[in-house]
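A.B. asks: Below is one structure. I have some questions about it.
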Amino acid sequence: MRQAADLEVGGQRVLVRCDLNVPLSGGAITDDGRIRASLPLLQDLLGRRARVVVAAHLGRPRTTTTQGAPDPAFSLAPVAARLAELLGQDVPLAGDVAGPSARALVEGLQDGQLVLLENVRFEAAETSKDDAVRGELADRLAALADLYVDDAFGAVHRKHASVYDVAERLPHAAGPLVAAEVAVLERLTQSPERPYAVVLGGSKVSDKLAVIEALLPTVDTLLVGGGMCFTFLAAQGHDVGSSLLEPDQVDQCRGFLETGKVVLPVDVVAAEAFSADAPHDVVPADAIPAGRMGLDIGPESVRVFAEALQGARTVFWNGPMGVFELAPYAEGTRGVAEAVASLPDALTVVGGGDSAAAVRALGIGEERFGHISTGGGASLEALEGKALPGLEVLS
Ligand code: ADP
Ligand code: MG
């Protein structure tokens, strides 16, 4: 896989696909981690006097209707402003993705300058299943540049115009984020040092069933917390109150438990409602009162999980242990994150947007992990053994 560093970029127009898909609340960016993560490549290209054209998506501006106009609330304007602050230079935002406004801005680019294209998902063609439809957008994107660099690891599992089709149309290379992710995923999938422990949490078992199935034969220990653990607890025959439960998945979870590799919480923080002010107590995991919902793993579970992680040489963690966004239910995630970060001799990998956000929000210190993946979905698909179109096209 050719790297961006190998390209001669001076005076060239370089289309860079970045992952700038940051969480927004009321139009303000609540976590700029992904923007910061994109800086090394952009600074390198600008320093080498490239003319940089950045393409990125933000959210899902077209969920309600694919024919209608995209929701302008998903404009990259706040991202352009933050990127300009971080780079210390202007970041003009095109009024379209690859139309007249984008063409005019790119036309005016000087060496060492950068422009941002509007949210690529404003074009319905970006995510189309029809190769010809995506191809037409990819043609317009490719016409804006001489070279293409993909640094959007979070999107490499998508066969989208700005990720896949445009790479077929221009000389291309991987950016440093993509290259680093690929190197870590190879270590995880090819010959992980043992013991190999995986910690899974987050809200839904169904989202991660395929990953659990693919990982169980390879891992030594699978720790399950978060909203997922209740379907496992139900599979053990426990009542889980009004906790998140996916009844359809109970049988499959029972099968996973038979491997003897799964470690479950022994206590949970059970609340009367999904709210920070709701009355809540720590209760045994096998005695969740009716009407109570488990919103975090309890302190004894943190000890059990930390103990199970001792001696691990490889750890992959995906999914918060509880509703860490609400302070009363953040301690499980904090405790397990601390335990992972404190392992002396392990390759520790955090995958998943919310898990990475939790590490930052709880102030654990990103540098204490071996690697924090910027793309949860993409790393999970890679661990499942699926081919990632955005990577295949680069190699
Ligand atoms: P990631 O993005 O790291 O892959 P997910 O998207 O799977 O993680 O899940 C993150 C979400 O799971 C968080 O918003 C968190 O609040 C939620 N969550 C964790 N534990 C619970 C729980 N016990 N009940 C409900 N939601 C939970
Ligand atoms: Mg998530």
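A.B. asks: Looking only at residues that are part of a loop (DSSP other than H, G, I, E, B) and either more than 15 Å from ligand 1 (Cβ to nearest atom) or among the aromatic types (Phe, Trp, Tyr) (or both) in the range 269-290, which one is surrounded by the fewest Cβ atoms within 10 Å (Cβ to Cβ)? Let's see the steps before the verdict.
C.D. replies: Taking the range 269-290 and keeping what is part of a loop (DSSP other than H, G, I, E, B), we get 272-279, 285-290.
Retained after the next criterion (residues that are either more than 15 Å from ligand 1 (Cβ to nearest atom) or among the aromatic types (Phe, Trp, Tyr) (or both)): 274, 277, 279, 286-287, 289-290.
Working: Phe274: 13, Asp277: 10, Pro279: 10, Asp286: 15, Ala287: 12, Pro289: 12, Ala290: 8.
Across the range 269-290, the extreme among qualifying residues is Ala290.
A.B. asks: Open to solvent by less than 50 Å² (accessible area, probe 1.4 Å) and either over 18 Å from Leu177 (Cβ atoms) or touching a residue at least 60 places away in the same chain (Cβ under 8 Å) (or both): does that describe Pro61? Break it down stepwise before answering.
C.D. replies: Details: open to solvent by less than 50 Å² (accessible area, probe 1.4 Å): yes; either over 18 Å from Leu177 (Cβ atoms) or touching a residue at least 60 places away in the same chain (Cβ under 8 Å) (or both): yes.
Considered against the rule, which asks whether it is open to solvent by less than 50 Å² (accessible area, probe 1.4 Å) and either over 18 Å from Leu177 (Cβ atoms) or touching a residue at least 60 places away in the same chain (Cβ under 8 Å) (or both), Pro61 comes out as yes.
A.B. asks: Separate question: So how many residues does the range 362-395 have that are outside any loop (DSSP other than H, G, I, E, B), over 9 Å from the mean Cα position of the chain (by Cα) and not aliphatic (A, V, I, L, M)?
C.D. replies: So the answer is 8.
A.B. asks: Can you name every residue in the range 193-251 that is more than 22 Å from Met293 (Cβ to Cβ), of a type in the set (S, T, N, Q) and either outside the structural domain of Gly370 (by the TED database) or out of contact with any strand residue (DSSP E or B) (no Cβ under 6 Å at 6 or more places or on another chain) (or both)? Break it down stepwise before answering.
C.D. replies: Let us first name the residues in the range 193-251 that are more than 22 Å from Met293 (Cβ to Cβ), namely 193-198, 210-222, 251.
With the extra rule that they be of a type in the set (S, T, N, Q), the set shrinks to 218, 221.
Thr218, the sole residue that qualifies.
A.B. asks: Just to be sure I understand, how many residues within the range 340-361 are away from ligand 1 (no atom under 16 Å from the Cβ) and either surrounded by 22 or more Cβ atoms within 10 Å (Cβ to Cβ) or part of a loop (DSSP other than H, G, I, E, B) (or both)?
C.D. replies: Residues that pass the stated criteria total 5.
A.B. asks: Additional query: When you check Asp44 against the structure, is it outside any helix (DSSP H, G or I) and either outside the structural domain of Glu325 (by the TED database) or touching a residue at least 60 places away in the same chain (Cβ under 8 Å) (or both), yes or no?
C.D. replies: So Asp44 does not fit the description; no.
A.B. asks: Kindly list, by first and then second residue, each pair from a residue in the range 317-333 that is open to solvent by less than 10 Å² (accessible area, probe 1.4 Å) to a residue that is part of a strand (DSSP E or B) and within 13 Å of ligand 2 (Cβ to nearest atom), limited to pairs with Cβ atoms under 6 Å and residues at least 6 apart or on different chains.
C.D. replies: Final answer for the pair search is Trp317/Val350; Asn318/Leu200; Asn318/Gly351; Gly319/Leu200.
A.B. asks: For Gly241, are the conditions met, namely being assigned to a loop (DSSP other than H, G, I, E, B), within 16 Å of ligand 1 (Cβ to nearest atom) and closer than 21 Å to Lys386 by Cβ? Let's see the steps before the verdict.
C.D. replies: Details: assigned to a loop (DSSP other than H, G, I, E, B): yes; within 16 Å of ligand 1 (Cβ to nearest atom): yes; closer than 21 Å to Lys386 by Cβ: no.
No, not satisfied.
A.B. asks: Checking the conditions here, which among Leu170, Leu105 is touching a Pro at 6+ places or on another chain (Cβ under 9 Å) and modelled with pLDDT of 95 or more? Spell out how you get there, then give the answer.
C.D. replies: Details: Leu170 fails: touching a Pro at 6+ places or on another chain (Cβ under 9 Å).
Exactly one of Leu170, Leu105 is touching a Pro at 6+ places or on another chain (Cβ under 9 Å) and modelled with pLDDT of 95 or more, namely Leu105.
A.B. asks: Mind checking whether some residue in the range 41-52 is modelled with pLDDT of 95 or more, polar (S, T, N, Q) and buried (at least 19 other Cβ atoms within 10 Å of the Cβ)? Full working, then the answer.
C.D. replies: Step one: filter the range 41-52 for residues modelled with pLDDT of 95 or more, giving 41-52.
Then drop every residue that is not polar (S, T, N, Q), which leaves 43.
Within this subset, residues satisfying the condition of being buried (at least 19 other Cβ atoms within 10 Å of the Cβ) are none.
Looking for residues that are modelled with pLDDT of 95 or more, polar (S, T, N, Q) and buried (at least 19 other Cβ atoms within 10 Å of the Cβ), one finds none in the range 41-52, hence no.
A.B. asks: If you don't mind, another one. Which ones in the range 213-231 are assigned to a loop (DSSP other than H, G, I, E, B) and under 16 Å from Thr259 (Cβ atoms)?
C.D. replies: Going through the range 213-231, the residues assigned to a loop (DSSP other than H, G, I, E, B) turn out to be 216-220, 225.
Those that are assigned to a loop (DSSP other than H, G, I, E, B) and under 16 Å from Thr259 (Cβ atoms): Leu216, Pro217, Thr218, Val219, Asp220.
A.B. asks: So, in the range 291-314, of the ones that are more than 19 Å from Leu200 (Cβ to Cβ) and assigned to a loop (DSSP other than H, G, I, E, B), which residue ends up farthest from ligand 1 (Cβ to nearest atom)?
C.D. replies: Only one residue fits best here, namely Gly311.
A.B. asks: Do the conditions hold for Arg360, that is, is it within 16 Å of ligand 2 (Cβ to nearest atom) and among the basic types (Lys, Arg)?
C.D. replies: Numbers: within 16 Å of ligand 2 (Cβ to nearest atom): yes; among the basic types (Lys, Arg): yes.
Yes; evaluated as a whole, the condition is true for this residue.
A.B. asks: Which pairs turn up if I take residues in the range 207-226 that are closer than 20 Å to Val268 by Cβ and look for partners that are open to solvent by less than 10 Å² (accessible area, probe 1.4 Å) and part of a helix (DSSP H, G or I) with beta carbon separation below 6 Å, at least 6 apart in sequence or on another chain?
C.D. replies: These pairs meet every condition: Leu223/Phe305; Val224/Phe232.
A.B. asks: Can you tell me how many residues in the range 3-41 are farther than 21 Å from Gly377 by Cα and in a loop (DSSP other than H, G, I, E, B)?
C.D. replies: 8
A.B. asks: Got a sec? Which helices (runs of 4 or more DSSP H) wholly within the range 82-195 have at least 1 residues that are of a type in the set (S, T, N, Q)? Before you say what the answer is, go through the steps one by one.
C.D. replies: Details: elements: 100-107, 131-142, 166-169, 176-190.
By residue number, 100-107, 176-190.
A.B. asks: So, in the range 373-388, exactly how many residues are more than 16 Å from Cys18 (Cα to Cα), open to solvent by 30 Å² or more (accessible area, probe 1.4 Å) and in contact (Cβ under 8 Å) with a residue 12 or more places away in the chain? Please lay out each step first, then the result.
C.D. replies: Kept after step one, since they are more than 16 Å from Cys18 (Cα to Cα), are these residues of the range 373-388: 379-388.
Filter once more, keeping what is open to solvent by 30 Å² or more (accessible area, probe 1.4 Å): 381, 384-387.
Filter once more, keeping what is in contact (Cβ under 8 Å) with a residue 12 or more places away in the chain: 381, 384-386.
Summing the residues that are more than 16 Å from Cys18 (Cα to Cα), open to solvent by 30 Å² or more (accessible area, probe 1.4 Å) and in contact (Cβ under 8 Å) with a residue 12 or more places away in the chain in the range 373-388 gives 4.
A.B. asks: Of everything in the range 169-204, what is among the hydroxyl-bearing types (Ser, Thr, Tyr) and either within 16 Å of ligand 2 (Cβ to nearest atom) or open to solvent by 40 Å² or more (accessible area, probe 1.4 Å) (or both)? Give them in sequence order.
C.D. replies: Thr189, Ser191, Ser203
A.B. asks: For Ser355, state whether it is touching a Pro at 6+ places or on another chain (Cβ under 8 Å), within 16 Å of ligand 2 (Cβ to nearest atom) and of a type in the set (S, T, N, Q).
C.D. replies: Details: touching a Pro at 6+ places or on another chain (Cβ under 8 Å): yes; within 16 Å of ligand 2 (Cβ to nearest atom): yes; of a type in the set (S, T, N, Q): yes.
In short, yes.
The values are calculated or read from the model by the stated rules, or taken from the named source; none is laboratory data. Because the structure is a prediction, the values reported are computed rather than measured. For neighbour counting, all protein chains shown are included, and Cβ atoms are generated from backbone atoms with ideal geometry for every residue, glycine included. Surface areas here come from the heavy atoms of the whole protein model, side chains and all, with no ligands, DNA or RNA. Shrake-Rupley method; radii C 1.70, N 1.55, O 1.52, S 1.80 Å.
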